[in-house]
1. All but one of (1) open to solvent by less than 50 Å² (accessible area, probe 1.4 Å); (2) touching a helix residue (DSSP H, G or I) at 6+ places or on another chain (Cβ under 9 Å); (3) away from DNA strand C (no atom under 16 Å from the Cβ) hold for A:Asp346, so report the exception by its number.
2. Identify, please: which residue in the stretch A:213-232 is more than 12 Å from DNA strand B (Cβ to nearest atom) and either in contact with a Ser or Thr (Cβ under 7 Å, 6 or more places away or on another chain) or open to solvent by less than 10 Å² (accessible area, probe 1.4 Å) (or both) and is, among those, farthest from A:Thr273 (Cα to Cα)?
3. Among the residues of the stretch A:128-158, how many are within 11 Å of DNA strand B (Cβ to nearest atom), open to solvent by 60 Å² or more (accessible area, probe 1.4 Å) and farther than 14 Å from A:Ala396 by Cα?
4. Looking at A:Cys249, is it surrounded by 22 or more Cβ atoms within 10 Å (Cβ to Cβ) and at pLDDT 95 or above?
5. If I ask for residues that are part of a loop (DSSP other than H, G, I, E, B), open to solvent by 30 Å² or more (accessible area, probe 1.4 Å) and among the hydrophobic types (A, V, I, L, M, F, W, C), which ones from the stretch A:164-178 would you list?
6. In the stretch A:96-142, what count of residues is obtained for those that are of a type in the set (Val, Ile, Thr), more than 8 Å from DNA strand C (Cβ to nearest atom) and part of a helix (DSSP H, G or I)?
7. Of (1) within 17 Å of the chain's Cα centre (by Cα); (2) more than 14 Å from DNA strand B (Cβ to nearest atom); (3) buried (at least 21 other Cβ atoms within 10 Å of the Cβ), A:Ile161 satisfies all except one. Which?
8. Filter the stretch A:196-236 down to the residues that are free of Cβ contacts under 8 Å to residues at least 12 places away in the same chain and either part of a loop (DSSP other than H, G, I, E, B) or not polar (S, T, N, Q) (or both) and list them by number.
Amino acid sequence: MNAEDFMTAEMTVLSRFLEGKPNRDLETTQLVSCELLRSVGMDSINCGINTLQNDSLALPVAEVQYALSAWFEINKREMPWRITRNPYHIWLSEIILQQTRVEQGIPYFMRLTTRFPTVESLSDADLDEVLQLWEGLGYYSRARNLHKAAKMIVEKWSGLIPSALDDLLSIPGVGPYTAAAISSIAFGHPHAVLDGNVIRVLSRIFAFPEDVALSSSKQTLHKMASALLDVRRPGDHNESMMELGALVCTPKPDCPICPVRSFCKGFETGTPTQFPVKRAKKKTPHYHIAVGVIRDEEGRIFIQKRSLDSMLGGLWEFPGGKNESTESYQQTCRREILEETGMSVDVGPLIASIPHAYSHFKITLHAYDCELTSSTIPSTALSWEWAVNEQLQEYAFPKANRLLINMLTQQESGTTEGNND
DNA sequence: AAGGCGGGGAG
DNA sequence: CTCCCAGCCTT
């Protein structure tokens, strides 16, 4: 087909789409080839609902692309990183958005780009400051890798984000998704992204019957995404797939308003929510953590910095640790503080018990008022500080620790200002 | 291939 | 409560 015929075909497809008459049998539309489907085993998979047929799975790619682009232009949300193609901003936004909702990430993007307008300014910063700006966003290895990556980009590429997939993949914190996203959105290179949204959309369109966590499934889904990619506008296409997954093809999908429902096997069979197929995850354990609030003679509070390679690495915390169930929480508190810092304390009254959920376990943080009984200088391998209340705002703390700090601050202001109740 | 790694919003 | 989000890294 020559270019002119292709244009004509596209116009035909578009006008039919706009008339609400998508037509699977248009001979001018590109089809996801049966060869592709066969190569990934989709022609003979019994998904338990019905046996999938090549014909019922073949997608008119041009129609789907038009449906997606038309929907996207009308429905896309405004985001601060959508007003630019500055690769640095695209990179930063993609790191922020890993496992993170757009609404949650926006204020962090604004603060980080304001404080660090360039890769150089980010690479020159202290990791502590980056972590402080990242506090509350979770997955702190992203912040550590971001900082490490900035230094690498300055050294290796003179501060310019590379555009080639292999170069991007060599950057700490940049994996297959992020590399394809930066490459396509910032540089217009034809790489399809495969994230949680795209996996959901594609697994429903194709009624993909296998566990999407398997690497073989990822490969298959990526081939599908690549076959569907609109190489004339890769970035917009990728964003439209993800936006569809975020706004329409959600865990509880709104199929009646979906622009591609007429191409969707999941919709056709009335069982879109059966996809994507995921194995049940095991339930999370619940730990009890006891920590101590220790003040010196000047009323400053003891805090320590978590090891960089640990969970919540680089953040600050109150000393303490996990209860071993053969002991009381007070005993846990005393034992852990001695082990971690070498300081002996008398454990006083309970200040608060704060519940908190992590992704793979739950904790209750029991905080005790502690009295230092040894004059020993803390002999911990970790960094530590005696900090006054105002300073506590300048350190990065995990969520449960931050809640405790807020309670301490409230207590203090309540006693100094006098309680009217 | 499997598990670790945060926090928040939706239902 | 549960689910899951513009995933990456280590083992």
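1. Evaluating A:Asp346 over (1) open to solvent by less than 50 Å² (accessible area, probe 1.4 Å); (2) touching a helix residue (DSSP H, G or I) at 6+ places or on another chain (Cβ under 9 Å); (3) away from DNA strand C (no atom under 16 Å from the Cβ) leaves (1) as the failure.
2. A:Asp230
3. Result for the stretch A:128-158: 0.
4. Numbers: surrounded by 22 or more Cβ atoms within 10 Å (Cβ to Cβ): yes; at pLDDT 95 or above: yes.
In short, yes.
5. A:Ala164
6. To start, the set of residues in the stretch A:96-142 that are of a type in the set (Val, Ile, Thr) comprises A:96, A:100, A:102, A:106, A:113-114, A:118-119, A:130.
Filter once more, so that each one left must be more than 8 Å from DNA strand C (Cβ to nearest atom): A:96, A:106, A:113-114, A:118-119, A:130.
Now drop any that are not part of a helix (DSSP H, G or I), which leaves A:96, A:106, A:113-114, A:119, A:130.
So the count comes out to 6.
7. (1)
8. Quick first cut of the stretch A:196-236, residues free of Cβ contacts under 8 Å to residues at least 12 places away in the same chain only: A:214-217, A:232.
Residues satisfying the conditions are A:Leu214, A:Arg232.
The values are calculated or read from the model by the stated rules, or taken from the named source; none is laboratory data. Since the model is a prediction, treat every value here as computed from it, not as a measurement. As a convention, Cβ positions derive from the backbone with ideal geometry for all residues, glycine included, and neighbour counts pool all protein chains shown. The accessibility values were calculated without ligands, DNA or RNA, using every heavy atom of the protein model including side chains. Shrake-Rupley method; radii C 1.70, N 1.55, O 1.52, S 1.80 Å.
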